[in-house]
Number of protein chains: 2
Amino acid sequence: MAQALRVALAGLGTVGGGVIRVLDENRELIARRAGRPIEVVAVSARDRSKDRGVDLSRFAWVDDTAALAEADADVVVELIGGADGPALTLARRALSAGRHVVTANKAMLAHHGLELAAAAEASGAALKFEAAVAGGIPVIKGLREGAAANAIARVYGILNGTCNFILSKMEAEGRDFADVLAEAQALGYAEADPSFDIDGVDAAHKLSILASLAFGTAPAFAQVAASGIRHLLAADIAEAAALGYRVRLVGVAEADGAGLFQRVHAHLVRFDHPLAHVTGATNAVVAEGNFVGRLLFQGAGAGEGPTASAVVADLIDIARGEFGPPFAMPAAALTEAAAAPSGERRGRAYLRFAVADRVGVLAEIAAAMRDAGVSIESLIQRGALADGSVLVAIVTHEGPERCVAAALERLRGSQSLHGEPMWMHLLD
Amino acid sequence: MAQALRVALAGLGTVGGGVIRVLDENRELIARRAGRPIEVVAVSARDRSKDRGVDLSRFAWVDDTAALAEADADVVVELIGGADGPALTLARRALSAGRHVVTANKAMLAHHGLELAAAAEASGAALKFEAAVAGGIPVIKGLREGAAANAIARVYGILNGTCNFILSKMEAEGRDFADVLAEAQALGYAEADPSFDIDGVDAAHKLSILASLAFGTAPAFAQVAASGIRHLLAADIAEAAALGYRVRLVGVAEADGAGLFQRVHAHLVRFDHPLAHVTGATNAVVAEGNFVGRLLFQGAGAGEGPTASAVVADLIDIARGEFGPPFAMPAAALTEAAAAPSGERRGRAYLRFAVADRVGVLAEIAAAMRDAGVSIESLIQRGALADGSVLVAIVTHEGPERCVAAALERLRGSQSLHGEPMWMHLLD
Ligand SMILES: NC(=O)c1ccc[n+]([C@@H]2O[C@H](COP(=O)([O-])OP(=O)(O)OC[C@H]3O[C@@H](n4cnc5c(N)ncnc54)[C@H](OP(=O)(O)O)[C@@H]3O)[C@@H](O)[C@H]2O)c1
Ligand SMILES: NC(=O)c1ccc[n+]([C@@H]2O[C@H](COP(=O)([O-])OP(=O)(O)OC[C@H]3O[C@@H](n4cnc5c(N)ncnc54)[C@H](OP(=O)(O)O)[C@@H]3O)[C@@H](O)[C@H]2O)c1
């Protein structure tokens, strides 16, 4: 059998530990598939003394993580995390030292993917990141290779397992957001600081990577309009259900003459759409190609095993010599896409207001809609929420988003409204 | 830009014509992604004069299809079909002439995959066949590469669009099999001779390819126990629905200590399983890995556009130089798997009998079950079918399949039974 692929591993947390376990447990199988053994030779993390549940004594320990870049290895696997800092330093140094790099770091790729891809190409090295989007699901490969014959009109999906876990639980148990979030944190499904997840930032990182692969554009994270599920009420989920929809946090990227549109936003997904059946921490991505039609990829979006599975898949590709330009085409060929404005996008919207229980409030809302040119398909006003306010939920007819935005603008600051209105888009 | 990848194309029917259209319509995009243009240079089919809706005058026409193997091209694309005959002759000749081969021909691969893979490896050529399984869905890539870090316990899915189209229509419209088949034929969704599809042979071809990739075994088509949906009644679908299930033709491959088990059979799929929501001509494949968990790939399983999309994806991989052993590992490393017997498999079964409407029939069936050791979970007897017979539908408790087989054996030839009993497995 050919020489082993030698791996230097930086970061020994959830994913890093998982990679060691995958390589241990499936050692022989992986060697058969890869055509040669894959062997960790050196590791680094912050704390050498931490018990990580795996025997590290077989590997060289490197105190200075950045120096792993020049370790006697073929590949550097970066599983530290963070857009900048030690992860970026390591990736840059490794690529300029001619090492292949595998990473699960979507934040780093969203911010520095283009630079790193160019560095990889310059040195003939691989830069691979299957684990960075949708965990164990081979969706990077699905877009970069599987759907490569197609012009992609749209790529969208459920990209954050924490949010989907919370939404599924709110849905199944009729509970409110804060309550379920606290439980998810206790269970380890949500971080102590959950804002990257629940405000859509993590999904936006991933979406910008998918968009680059789908449209041949440079990753443009700054253009993603991201919002999350913080303001969602149990009542929104109940109203959605009554209308035949489920609430999902969906990242959508579309490219057309108007430019590149990227958004992470809560959506009402019709019950017969595959994404409506994605529950728990599962992720799913849909790509729409001009010949293949709608492709769906679904699976575990995070967690030790699935994420490590994707990292090791990248290592196997490298061991086989099956790799090429990280973003499907040479970095220099990626175009800078103009951000498409959302205002002219047409669709149906769900709008929910918590309002004071007094005369005239409904008229005020209805007038704002009318004056902004929003046509109402259905309106439900329901009895008091826990705090005594009344819920008004509207579904609009199809129309441009700028009208909905204008209506909400008119209502901003109104004394009748309690808290932020909730605006969701309908996905049919 | 680098030199074009030159393609010799054999077969200009549904898929072959589609390949020309994809390469024409997405020409520039494909060149950007592939790193170089992909150009058809020579073509062949039976009838030179046939109008195929594409301009063929740009390509060299080769009368002797097998001679395409030595045309001045880098890749031969085989889209003729058939396990043997001209497709096999061409593939063999092309590989031994050092040409890469791309094919959509599952029958040929199921029967001769191992030989062809060895020939490809011997000459350093690619042998790629993404289109051969599940049409446009990149499931070959998903198993060969995406899930490569995992020991796969089971791979299963809806692999035949014609059957799924028929089943969905029977389900939606409450119609019987023969009736819907005739309509599918009229619409071009089913062949004039539909037996390859409806008797599970086509799905068995595909399953044997998936099993090889998943388990590192040589394709073992002869070991697939295949049956189809010919004997299914509208009443079966109604009973299944009442139990919370949908009927799907599912190909399942599993490997464990007992060997390799491969079966294509009608299953009752629980309503909350993703396969239950796959309707129409859509295909879906699930792979269960020991680290990644359950991966689902879903999309169009056939048709000109989706199938051609997969063929061209293979060409792009070749243009990029990203290819390796066809069945994930060298042909010589693939093991010969012993066929696992079905008898000791445990599960729940659905059994349906059309019986004479007279005293004692139910007792006869119940006695056969008891004597064979089959424990009945539920039994429904319903009023007359169209021909005056009565329907008896049974769901068994979990138990070994040999007991169910023994019960059916006891009932074989009984005067009380009209036609073949229907045996389906439950997928929860
Ligand atoms: N967890 C998932 O399910 C998942 C899924 C997809 C992608 N990812 C991505 O995978 C990456 C790793 O995530 P994770 O969940 O494994 O994180 P984690 O459990 O927090 O582990 C991070 C590791 O990096 C090490 N580290 C942190 N700062 C360092 C520094 N300055 N120098 C050297 N080492 C340092 C830590 O060392 P100590 O252990 O010594 O503290 C730890 O071993 C992130 O980019 C994340 O976004 C994770
Ligand atoms: N159709 C699908 O959706 C689909 C999906 C997945 C895989 N596939 C596979 O793709 C392959 C092609 O299928 P298809 O649907 O495109 O078939 P098709 O429409 O029947 O086309 C077959 C082509 O092969 C040519 N041909 C037949 N016999 C030949 C011979 N002896 N010598 C030279 N050329 C010959 C025919 O020539 P003439 O046109 O001159 O008669 C025709 O152009 C098959 O292996 C099939 O299983 C098809």
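The values are calculated or read from the model by the stated rules, or taken from the named source; none is laboratory data. It should be emphasised that the depicted structure is a prediction, and the values quoted were computed from it without experimental measurement. Note that each Cβ is placed from the backbone with ideal geometry, even for glycine, and that neighbours are counted across all protein chains shown. We work out accessible area using only protein heavy atoms, side chains counted, and drop any ligands, DNA or RNA first. Shrake-Rupley method; radii C 1.70, N 1.55, O 1.52, S 1.80 Å.
Note on A:K128: lysines with a C-alpha under 20 Å away, same-chain residues under 8 apart excluded, are A:K106, A:K141, A:K206, B:K141.
Charge tally for B:S212 (other residues, Cβ to Cβ under 14 Å; Lys, Arg +1; Asp, Glu -1): +2. Ligands, DNA and RNA are left out, and with a 1.4 angstrom probe the accessible area of the protein assembly as shown is 36 Å² per residue.
Scaled to the globular estimate 2.2 N^0.38 Å, the Cα spread of the stretch A:346-427, given as radius of gyration, is 1.01. The modelled label-to-label distance for the pair B:D371/A:R58, using points 7 Å beyond Cα in the direction of Cβ, is 5.8 nm. Which residues in the stretch B:114-145 place their backbone N less than 16 Å from a point set 7 Å from the Cα of B:S96 along the Cα-to-Cβ direction? Zone members listed by number: B:115-125. Taking only C-alpha pairs under 8 Å that are 6+ residues apart, what is the relative contact order of the stretch B:139-300 in percent? Result for the stretch B:139-300 is 34 percent. Distances longer than 25 Å among the Cα atoms of the stretch A:139-300: what percent of all pairs is that? The calculated P(r) of the stretch A:139-300 puts 29 percent of pairs beyond 25 Å.
Projecting 7 Å from Cα along the Cα-to-Cβ direction, the label point of B:G343 sits 7.6 nm from its equivalents in the other copies, listed shortest first. Run the Debye formula on the Cα coordinates of the stretch A:258-397, all scatterers equal and no solvent, and tell me log10 I(q)/I(0) at q = 0.17, 0.19, 0.20 1/Å. For the stretch A:258-397, the Cα-only Debye profile gives -1.21, -1.32, -1.36. Shortest first, A:G373 label-point distances to identical copies amount to 7.6 nm, with the label point at 7 Å from Cα along Cα→Cβ. Along the Cα-to-C-beta direction of A:D84, a point sits 7 Å from the Cα; which residues of the stretch A:107-121 have their amide N less than 18 Å from that point? Label zone hits: A:107-116. Here the chain B residue lying nearest the rotation axis onto A, judged by its C-beta and given with the distance in whole angstrom, is B:E322, 2.
On the protein assembly as shown, 51 percent of the accessible area sits on carbon and sulfur atoms, based on a 1.4 Å probe. Across peptide B:328-335, the average count of Cβ atoms from other chains found within 10 Å of a residue's Cβ is 3. Considering only alpha-carbon pairs that sit under 8 angstrom and 6 or more positions apart, the relative contact order computed for chain A is 16 percent.
Can you compute the label reach from A:D428? Point 7 Å from Cα along the Cβ direction, backbone N cut-off under 14 Å, restricted to the stretch A:241-261. Hits in the stretch A:241-261 for A:D428 at 14 Å: A:244-245. Within straight-line reach of B:K169, meaning a Cα separation under 12 Å, sit the following aspartates and glutamates at least 8 residues removed in sequence or on another chain: B:D179, B:E183.
With a ≥ b ≥ c the root eigenvalues of the C-alpha gyration tensor of the protein assembly as shown, is it rounded (a/c under 1.5), prolate (a/b larger than b/c) or oblate? Verdict is rounded for the protein assembly as shown. Here the label points at B:D47 and A:A67, each 7 Å from Cα along the C-beta direction, are separated by 7.5 nm in the simple model. Derived value for the stretch A:254-312: Kirkwood hydrodynamic radius 14.0 Å. Basis is the mean of 1/r over every pair of different alpha-carbon atoms. Chains A and B together bury roughly 4200 Å² of accessible area, counting both sides, with a 1.4 Å probe on protein heavy atoms only. Note on A:42-49: average number of Cβ atoms from other chains within 10 Å of each residue's Cβ is 0. Modelled this way, with points 7 Å down the Cα-to-C-beta line, the labels at A:A225 and A:A333 are 3.2 nm from one another.
One Cα centroid belongs to the stretch B:110-130, the other to the stretch B:244-288; the line between them spans 28 Å. Using a 7 Å projection from Cα along Cα-to-Cβ, the label point at B:G124 is separated from the same position in the remaining copies by 1.6 nm, smallest value first.
With contacts taken as Cα pairs under 8 Å at a separation of at least 6 residues, the stretch A:13-64 carries a relative contact order of 34 percent.
For chain B, the mean residue ellipticity at 222 nm estimated from helices alone is -10500 deg cm²/dmol, where every DSSP H run of n ≥ 4 contributes -39500 (n - 2.57) and the total is divided by all residues, rounded to the nearest 500. Dividing the C-alpha radius of gyration of chain A by 2.2 N^0.38 Å, with N its residue count, gives 1.06. If you sort the three axes of the alpha carbon gyration tensor as a ≥ b ≥ c, you get a/c under 1.5 for the stretch B:1-148, which makes it rounded.
Taking the Cα centre of chain B as origin and assigning +1 to Lys and Arg Cβ atoms and -1 to Asp and Glu Cβ atoms, the resulting dipole is close to 520 debye. Taking the centroid of alpha carbons for each part, the stretch B:333-363 and the stretch B:34-76 are 49 Å apart.
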